[in-house]
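Here is the structure we will look at.
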Amino acid sequence: MNKNLVNKILITIGFLFVYRLLAYVPVPGVDTAVIASFFDSHQADALGLFNMFSGNAVERLSIISLGIMPYITASIIMELLAATFPTLGQMKKERDGMVKYMQIIRYATIVITIIQAIGVSVGLQSLTGPTGNSAILADQNTFILLSAVSMLAGTMLLMWIGEQITQSGIGNGISLIIFAGIVSAIPSAIGQTITMVNTGAMSFITVIAILALILGTVAIIIYVELGERRVPVTYAKKTMMQNQNKRVMNYIPIKVNLAGVIPVIFASAILMFPMTVMSTSTNPTVQMFADYLNPNSYFFNFLTFSFVIFFAFFYASITFNAKDIADNLKRQGGFIPGIRTGNATKEFLNETASRLTVTGALYLGLVATLPFMIIKGMGVPFFFGGTAVLIVVQVALDTMRKVEAQVYMSKYETLSAVGL
């Protein structure tokens, strides 16, 4: 690795270290002991899921308790609007327009964060510890103001950290923040499992079954993520003669999972928004709806599966542009054997991508829901389902690809510099 790549890796590690430090900075005016005792009995429900994605920042009521999810929620809304309104979609494609587009997302993130922060602050008013002491140490109105400002500052810091990792680090800033949050919760989950085995609350056979399920899920994810359909491409003789000293790609790789980890993250963000607002409320009606959105419920897993399927098709339609590929092939003198150039090539690629997306979407939906349903049947008291494994493995694979691409790029630039 060259010095530039090493610096990018060090920058990424440094920003992730700052992110983990922020998880230990509590919101002013709260009794962290009461919050911790409350979360001890909510590790397998909606709060446990939210706590996992935040890297255990929620159980400490850190300033980054809301995590990066408000930013992701704002991004989802803008993506849907861009696909609906052509003017907004055109703005996204232009350089100056993209600056305005990102600015709108930031403003939307502020609004969503404030709504969620106020919802959490109001819900905490009725929270008490085992001895009856309140979780709030300050005046009600003062606490709402302090917590809203603190959580807003924390989310904005996370958004800035993610952008810095993307621009100056190895990329995938937002995904790496979620990755770091999930991974940071693994040691505590392992420690809790060991304690349960020692106390007899969980059998050693159950632990072996959980490990086998996790390893099997990881193997399936790696196998599918590396899978692709290679559409053969033939180039005209003149083009081959012009590029005889260059490597000409003779196939178009179309991944089975075109959308990557985005559908799972988007689905989690959509479901976490109402969960955050409703989970701490004592209103019976609100609690009834919160029960439906409990990760232990079949309805929640049905929603997760449905949202993952929807976002898999939605995001694949954005990332895979068959028309551009067909036009580029025509300009370069290439064609798919048996398929006419132009519109016929575009339709063939769209049809191929759609068939692969069906398989990829079903794979994402099943991996995101099925392992947790199995682990739930085993009676595991903490949340660590297929969604977490899927995000961790996919982000790790994508990061490895980016590092390898930059290594090869540096080698190519070195060879070009010496005239080889």
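Odds and ends about this structure:
- Pairs from the list Lys255/Lys323; Lys93/Lys402; Lys92/Lys402; Lys3/Lys402 with a Cα-Cα gap above 20 Å: Lys93/Lys402; Lys92/Lys402.
- Residue-wise HN-Hα couplings along the stretch 131-136, as the Karplus relation 6.51 cos²θ - 1.76 cosθ + 1.60 with θ = phi - 60° gives them from phi, are 8, x, 6, 6, 6, 9 Hz; Gly and Pro carry x.
- Total formal charge among the other residues, if their Cβ is under 13 angstrom from that of Gln394, Lys/Arg +1 and Asp/Glu -1: +1
- With a cut-off of 12 Å between beta carbons, the residues surrounding Thr357 carry a summed charge of +2, where Lys and Arg count +1 and Asp and Glu -1.
- Residue-wise HN-Hα couplings along the stretch 10-15, as the Karplus relation 6.51 cos²θ - 1.76 cosθ + 1.60 with θ = phi - 60° gives them from phi, are 5, 4, 4, 4, x, 5 Hz; Gly and Pro carry x.
- For the stretch 213-223, backbone phi angles converted through the Karplus equation (6.51, -1.76, 1.60; θ = phi - 60°) give residue-by-residue couplings of 5, 5, 5, x, 4, 4, 5, 5, 4, 4, 4 Hz, Gly and Pro being listed as x.
- For Ile136, nonlocal amide neighbours, meaning residues 5 or more places apart or on other chains whose placed amide H falls under 5 Å from its own, are Asp31.
- Other residues within the sphere of radius under 15 Å centred on the Cβ of Tyr71, judged by their own Cβ, net out at -1 (K and R +1, D and E -1).
- Gyration tensor verdict on the stretch 54-133 (Cα atoms; rounded if a/c is under 1.5, prolate if a/b is larger than b/c, oblate otherwise): prolate
- Overall, the anisotropy analysis places the stretch 54-99 in the prolate class: the square-rooted eigenvalues a ≥ b ≥ c of its C-alpha gyration tensor yield a/c not less than 1.5, with a/b exceeding b/c.
- Per residue, the stretch 87-183 exposes 48 Å² of solvent-accessible protein surface, assessed with a 1.4 angstrom probe and all protein chains in place.
The values are calculated or read from the model by the stated rules, or taken from the named source; none is laboratory data. A quick note: this is a predicted structure, and the numbers were derived from the prediction, not measured. Quick reminder, even Gly has a Cβ in these numbers, built from the backbone with ideal geometry, and neighbours come from all protein chains shown. The accessibility values were calculated without ligands, DNA or RNA, using every heavy atom of the protein model including side chains. Shrake-Rupley method; radii C 1.70, N 1.55, O 1.52, S 1.80 Å.
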